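Rule-based calculations on the coordinates, nothing more; no lab input. What you are looking at is a predicted structure, and each value in this text was computed from that prediction instead of being measured. A quick note on method: Cβ atoms are made from the backbone with ideal geometry, for glycine too, and the neighbour counts reach across all protein chains shown.
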Amino acid sequence: MHFTLGFSPCPNDTFIFDALVNQKIDTEGFTFEVLLEDVQTLNEWAKSEKLNISKISYGVLPIVQQNYSLLNSGGALGKGVGPLLISREPIDDLQKVNNMKIAVPGFNTTAHLLFSMAFPNAKNKEFLVFHEIESAVLSGEVDAGVIIHENRFTYLDKGLIKLMDLGAYWEEQLDCPIPLGGIIMQNKFDEATRSKIESLIRRSVEYAFENYPQITDYVRCHAQEMSESVMRQHIDLYVNNFSIDLGIEGRKAVDTLMQVYHKINTL
């Protein structure tokens, strides 16, 4: 059986899926056509049902759950992993953020959801691909930006400062891990097939951990000129036991995010 599968070229995703898509584990007759795209593109594709299996931001899950089911393996969820709000200069009152021009990595991203939870009155937003946000802040195109992925490890080197850890705010307010990105599969496949895919992804993550801290060629070639230390920081931050299996705690965190989404979008 053949599937289309989408995930990002970021080290956490290539680390998770390397063994699966490169058949380092027995895929039991399943094959995959892989499409690597930024998460906002994957979010849009999920809305149009383009792929059989896909990584998405949890922020888009409420919109696509009629057509897709969330898998227990392969996602990014945890503590201390949330997006950061950064700028060129400090501000003396965070309420001023409401009147600033803010770059955000995509409308349906979890980063946008967490920013909206912290700053529900901020309306002047510009939606950019995540790796464009640092430059937009540095150039003055925007006053501040919400950064994710490897930019968490590079913004200080560029002279930018943290205004707020949006993930820490989530954890303080809701006392649960942050659901960042999950893996979904089309509902047209039966439960047995979804369960088998879930099991294969779990084995792929376990295989990656068994061989870590080795950085494979597959991870390295898609990592956009990152140093190996940044790749490992990226993997260490976003890949954990929740990536193997969400479990009860992870599922509760996803349910909490869904509640926050509906609250924000009914204000």
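Would you list the helices (runs of 4 or more DSSP H) that sit entirely within the range 118-235 and hold 2 or more residues that are in contact with a strand residue (DSSP E or B) (Cβ under 9 Å, 6 or more places away or on another chain) and without any contact (Cβ under 8 Å) to a residue 40 or more places away in the chain?
133-139
Does Ser73 fit the bill of being surrounded by 16 or more Cβ atoms within 10 Å (Cβ to Cβ), in contact (Cβ under 8 Å) with a residue 60 or more places away in the chain and under 15 Å from the mean Cα position of the chain (by Cα)?
Numbers: surrounded by 16 or more Cβ atoms within 10 Å (Cβ to Cβ): yes; in contact (Cβ under 8 Å) with a residue 60 or more places away in the chain: yes; under 15 Å from the mean Cα position of the chain (by Cα): yes.
It is true that Ser73 is surrounded by 16 or more Cβ atoms within 10 Å (Cβ to Cβ), in contact (Cβ under 8 Å) with a residue 60 or more places away in the chain and under 15 Å from the mean Cα position of the chain (by Cα).
Mind listing just one residue for me: the one in the range 151-198 that is of a type in the set (Gly, Ala, Ser) and crowded, with 21+ Cβ neighbours inside 10 Å and, of those, farthest from the chain's Cα centre (by Cα)? Filtering the range 151-198 for residues that are of a type in the set (Gly, Ala, Ser) and crowded, with 21+ Cβ neighbours inside 10 Å, the one farthest from the chain's Cα centre (by Cα) comes out as Gly167.
Identify the residue in the range 115-130 that is over 12 Å from the mean Cα position of the chain (by Cα) and of a type in the set (A, V, I, L, M, F, W, C) and, among all such residues, is farthest from Ala76 (Cα to Cα). It would help to see each step written out before you state the result.
In the first step, residues of the range 115-130 are kept if they are over 12 Å from the mean Cα position of the chain (by Cα); the result is 115-129.
Those still in the list that are of a type in the set (A, V, I, L, M, F, W, C) too: 115, 117-119, 122, 127-129.
On the way: Phe115: 18, Met117: 20, Ala118: 21, Phe119: 23, Ala122: 27, Phe127: 22, Leu128: 21, Val129: 19 Å.
In this case the residue turns out to be Ala122.
Kindly evaluate Ile133 against the criterion of being within 17 Å of the chain's Cα centre (by Cα) and surrounded by 15 or more Cβ atoms within 10 Å (Cβ to Cβ).
Values: within 17 Å of the chain's Cα centre (by Cα): yes; surrounded by 15 or more Cβ atoms within 10 Å (Cβ to Cβ): yes.
Taking the combined requirement at face value, the residue satisfies it.
Selection within the range 145-159: residues that are of a type in the set (A, V, I, L, M) and in contact with a helix residue (DSSP H, G or I) (Cβ under 6 Å, 6 or more places away or on another chain). The member of this set that is farthest from Ile86 (Cα to Cα) is Ile148.
Yes or no, residue by residue, for (1) within 18 Å of Tyr261 (Cβ to Cβ); (2) in contact (Cβ under 8 Å) with a residue 12 or more places away in the chain; (3) crowded, with 17+ Cβ neighbours inside 10 Å:
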| position | (1), (2), (3) |
| --- | --- |
| Glu28 | no, yes, no |
| Thr41 | no, no, no |
| Ser48 | no, no, no |
| Asn52 | no, yes, yes |
| Tyr58 | yes, yes, yes |
| Leu61 | yes, yes, yes |
| Tyr68 | yes, yes, yes |
